[in-house]
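Heads up: the structure comes next, in structure tokens.
Since every read-out is calculated from the coordinates, none of them should be taken as a lab result. For clarity, every value in this text was computed on a predicted model and none was experimentally measured. Methodologically, a virtual Cβ is constructed for each residue, glycine included, from the backbone with ideal geometry; neighbour enumeration extends over all protein chains shown.
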Amino acid sequence: MAHTYASVYIHCVFSTKERRPLIPANRTAELYAYLGGIARGEGLTLIAAGGTANHIHLLLVLPATCSLAHAVQKLKGSSSRWMGSGFSWQEGYGAFSVSPSQLEVVKHYIQNQEEHHRKRDFEQEFIALLRGCGIEYDEQFVFG
């Protein structure tokens, strides 16, 4: 085959260090735009971004030429520096594959994080995502 074809949609989740509320509401739109710029520069497409003061969700299209680990490293590293002194992301991340048929559902979920978190906190949400995707984990190490 002369060409490479891929359809890789990823729902990526990561939190601020120690899940502290480090993302002010008045900077979220700028942060999402900045992440979109980083994504474009790396050959990714950012479909949706959302979150709360202590974590972020991204819906990404990952090209065949870019590993997930590289993409997340670039997104987290650049945005952490851009947010400024005293800001950092927690080590690690969650990444969940998304079927093309579920893109709108996941996009809606990501864009409505503030409302969603009136019912459950980040820790509960993340554990539910892990369980829903059948990912094994050790509760003692999930959150660092």
Everything considered on the Cα gyration tensor (a ≥ b ≥ c; rounded for a/c under 1.5, else prolate if a/b is larger than b/c, else oblate), the range 45-88 must be described as oblate
In debye to the nearest 20, the charge dipole size for the chain, taken about the Cα centre with +1 at each Lys and Arg Cβ and -1 at each Asp and Glu Cβ, equals 360
Note on the range 1-121: alpha-carbon gyration tensor, axes a ≥ b ≥ c; rule is a/c under 1.5 for rounded, else prolate if a/b larger than b/c, else oblate; result oblate
Sorted by chain and number, the residues with a modelled amide H under 5 Å from that of Thr45, at a separation of 5 or more or across chains, are Val61
With -39,500 (n - 2.57) per DSSP H segment of 4 or more residues and division by the full residue count of the chain, the 222 nm estimate, nearest 500 deg cm²/dmol, is -11500 deg cm²/dmol
